[in-house]
Amino acid sequence: MPLKDSSQHKGTIVKYTPSTFFRGINNEMLRQAFAKEGIELDIDWQNRDPQKDKSVLKAWTSYNAKETGKEEECKRLESTFNQIWTLGKAKINGKTVCCEYEKQGFLRKPLPKDFEEYGRFEVGMYLYLNEDPAVLDLAVEHVGAADKSFSDRHWVEYRIEPGDVKVTEDLKKRLENVLNVFFIQEKKGGNAKIDTYPQLYDKLQYFIARLDDQKTSIEGKLAPQDDFGDLTYIPPYEVIIRHDSREGKFSLYARSLRKNKMHALARKLICEITGKDDGYERATKPTYDMEKFAVKKYEFPTLENEGYSKGYAEQIWIRSEAGRGMEMAIKALNGVDAYSSISNSPATTQLTDAKFAVRKIRIVMLPVAGSNNKRIKFELTEKSCTHRDLTEEQIRKVDKYIEVMDVEI
């Protein structure tokens, strides 16, 4: 099983970890996946315990695709496994995407009654086994765009008048033309092609455009006997348009584009989507009142109605007027709030007795006892809220917690 090329798929595909992946899929689904490509593995599927078994990993790793004449089949299956992994690891829940697709008629079969009980990798595996291959492609690209929208980097957002937009081929062509004219001036190749996807949450529409980036080169060789040298190629460039007709929001993602040019491009795209050349304004990003944390003991609120009992500071970065360059990162020790470290550590007394400011704080939200919720960790600075490796649902809980803390300006 030697082949791991997933380049045939659009979007960002994450390489899967086989040991974790195989543990997350039930026996029948996994058996069907190999059978669909005509690949036979010597596995006792009836008695396999997915959580303990290593036989699938061993058999798949040692499978000789060339000897069995299954090279192309292995390529397809490896690529599919990478897609399913990407869907399962996304911040946005793959089940949410599938339910929206079903509601809007994009699935050829009704979702099974026990669909909500599926594991995160079983969602993508279900699509692979039961739906048109294009549906899995759509879902992977869709969650990739949605995941990017949870990060402020490379995005600008505008407030526009709420209202439905009918997505037509004519609208897509007009948007493609705007992107081609704009990016040719940016020394990119144009050739923009826009794909659209089923709406999420009824009113959230994504347009994903791909075009040619600037020609560049990498070191490589085309044949085993060649020497390494510079190979010229044209990498892809992605632009994401996110239109929320219910909330009246327009967001634009375009990597490495200066802000003034982002605004110029956004204006042209908003005009094409809404048919209006006015009625929009740049949305300001939230800032946070860090002065509220500049105390010797901050009392974190609860969010029990959301399943979280309390929070604590895992780490605080402070800057003090006690002396020039007096700055320190204070960690929570042995599960004790970092504010307790401030109060009890002689090393920080001189910093906190003087006037000090909190530059950054890492906050942990603890679940209610007996809850199935997991701890949530995020960081605040004056101009950012960072939440790595959180799901969409957890990010929404962070937003509610910040609202309860009343630190957003």
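Just so you know, all these numbers are worked out from the coordinates, no wet-lab data involved. Owing to the predicted nature of the structure, the values given are computational and were not obtained by experimental measurement. Virtual Cβ from ideal backbone geometry, glycine too; neighbours counted across all protein chains shown.
Name the residues whose placed amide hydrogens come within less than 5 Å of the amide hydrogen of residue 326, ignoring near sequence neighbours (fewer than 5 apart) on the same chain. The answer is 320. Value of Rg to Rh for the stretch 155-282, rounded to two decimals, is 1.10; Kirkwood radius and Rg both from alpha-carbon coordinates. Pairwise Cα distances in the chain exceed 28 Å for 61 percent of all pairs. For the stretch 373-389, 3J(HN,Hα) computed residue by residue from phi via the Karplus equation (6.51, -1.76, 1.60; θ = phi - 60°) reads 5, 9, 4, 10, 10, 8, 10, 10, 10, 4, 10, 8, 10, 10, 9, 7, 6 Hz, glycine and proline entered as x. Neighbours of residue 172, meaning other residues whose beta-carbon lies under 14 angstrom from its beta-carbon, give a summed charge of 0 when Lys and Arg score +1 and Asp and Glu score -1. Among 180, 64, 93, the largest mean-square fluctuation in a Gaussian network model of the chain (Cα springs under 10 Å) belongs to 64.
The stretch 135-188 and the stretch 354-409 have Cα centres lying 29 Å from one another. Annotation: amide H-H contacts under 5 Å for residue 310 (H modelled 1.01 Å from N, sequence separation of 5 or more, or interchain): 303, 366.
Whole-Hz Karplus values for the stretch 247-262 come out as 7, x, 10, 10, 10, 10, 10, 8, 4, 6, 9, 5, 4, 5, 6, 4 Hz, taken residue by residue from phi with 6.51 cos²θ - 1.76 cosθ + 1.60 and θ = phi - 60°; glycine and proline positions read x. Classify the stretch 230-334 as rounded, prolate or oblate, taking a ≥ b ≥ c as the square roots of the eigenvalues of its Cα gyration tensor: rounded when a/c is under 1.5, otherwise prolate if a/b is larger than b/c and oblate if not. Because a/c hits 1.5 or more and a/b exceeds b/c, the stretch 230-334 counts as prolate. Each Lys and Arg contributes +1 and each Asp and Glu -1, all at the Cβ; summed about the Cα centre of the chain, the dipole is approximately 940 debye. Among all lysine pairs in the stretch 161-215 that are eight or more places apart or on different chains, how many have alpha carbons less than 24 angstrom apart? So the count of such lysine pairs works out to 14.
Counting Lys and Arg as +1 and Asp and Glu as -1 over every other residue whose Cβ lies under 10 Å from the Cβ of residue 283, the net charge comes to +2.
Shown in residue order for the stretch 226-233 are the 3J(HN,Hα) couplings computed by the Karplus curve 6.51 cos²θ - 1.76 cosθ + 1.60 at θ = phi - 60°: 6, 7, 5, x, 7, 10, 7, 8 Hz (x for Gly and Pro).
Working ranking of peptides 400-406, 94-100 by packing, defined as the average number of other Cβ atoms within 10 Å per residue, highest first, is 94-100, 400-406. A straight chain from residue 296 to residue 14 at 0.36 nm per residue would run longer than the Cα-Cα distance by 97.2 nm. One Cα centroid belongs to the stretch 197-252, the other to the stretch 40-114; the line between them spans 25 Å.
Each other residue within a Cβ distance under 11 Å of residue 139 adds +1 if Lys or Arg and -1 if Asp or Glu, for a net charge of -3. Classify the stretch 50-90 from the C-alpha gyration tensor, please: rounded if a/c falls under 1.5, else prolate or oblate depending on whether a/b exceeds b/c. Since a/c reaches 1.5 but b/c is at least a/b, the shape of the stretch 50-90 is classed as oblate. Largest first, the extents of the alpha carbon coordinates of the stretch 18-148 on the three principal axes equal 43, 29, 28 Å. Relative to the Cα centre, the charge distribution of the stretch 146-207, modelled as +1 at Lys and Arg Cβ and -1 at Asp and Glu Cβ, gives a dipole magnitude of about 260 debye. Among 251, 151, 62, the residue with the largest mean-square fluctuation in a Gaussian network model of the chain, with springs joining Cα atoms closer than 10 Å, is 62.
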